[in-house]
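Here the structure is laid out as structure tokens; the discussion comes afterwards.
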Amino acid sequence: MAGINGRPTKLTQEFINKADEYMDCWEELGEAIPSIAGLAVYTRVSRDSIHEWTNNIPLSVSGEISSSFSDIIDSLTATQELKLLSGGLSGSMNATITKLILHKHNYSDKAEVDNTSSDGSHSTDLKVTIVRPDKE
């Protein structure tokens with residue numbers, strides 16, 4: 001089972017077993033959230049390889065291994081997102097780092113702009129008056 005460059009791929013059942021172990025013990029390892037970096041260190045496979053597999057599973061890999069790998073990555077990212085949301089909302093995690101990582105999960109902050117010209121001639125201020133209806 002050769003990879004693109006002729007070497008056998010490391011995306012094997014052995015890797016899947018180690019990745020499953022990582023998903024069960026990342027908290028015991030002292031990690032705040034599971035991560036691709038943590039998975040890479042635990043399995044001794046480069047982050048680049050894991051990222052590559054996430055985007056492009058090698059053709060030599062069986063459907064079962066491919067499906068297991070996808071499930072592990074989905075679980076890792078969902079757990080990461082949940083931990084970040086909970087930690088960010090509770091204040092137990094650094095807000096800047098939480099915001100930075102949540103951006104990778106498609107979260108973003110929104111800034112509202114007041115469109116008033118410097119001389120005050122143009123403004124988007126809206127004045128609302130609440131009027132009591134007439135009694136008939």
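If you wrap segment 6-52's Cα atoms in a convex hull and average its projection over all directions, what's the area in nm²? Intermediate values should be presented prior to the final figure.
On the way: hull surface 13.2 nm².
Directional mean of the projected Cα hull area for segment 6-52 stands at 3.3 nm².
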- Which of the listed residues, ALA37, THR9, CYS25, is farthest toward the dipole's positive end in segment 4-48, when Lys, Arg count +1 and Asp, Glu count -1 at the beta-carbon? THR9
- With each label point set 7 Å from Cα along the Cα-Cβ vector, what nm distance links SER66 and LYS99? 4.1 nm
- Quick one: Karplus J couplings for segment 22-28, per residue in order, coefficients 6.51, -1.76, 1.60, θ = phi - 60°, nearest Hz, x for Gly and Pro? 4, 5, 8, 10, 4, 5, 5
- Lys/Arg +1, Asp/Glu -1 at C-beta; segment 13-103 dipole; positive extreme among SER68, LEU89, ALA78: LEU89
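Any idea what the alpha-carbon Rg over 2.2 N^0.38 Å comes to for segment 25-92? Walk me through the numbers on the way to the answer.
Working: Rg = 13.6 Å, N = 68, 2.2 N^0.38 = 10.9 Å.
So the Cα radius of gyration is 1.25 times the expected 2.2 N^0.38 Å.
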- Cα-projected label distance for ASN17 with ALA78, points at 7 Å along beta-carbon direction, nm: 2.5 nm
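Bear in mind that the values in this text are calculations on the coordinates, not laboratory data. This one's a predicted model, so the numbers in the text were calculated from it and none came from an experiment. Cβ coordinates were reconstructed from backbone atoms using ideal geometry, including for glycine residues, and neighbour counts include every protein chain displayed.
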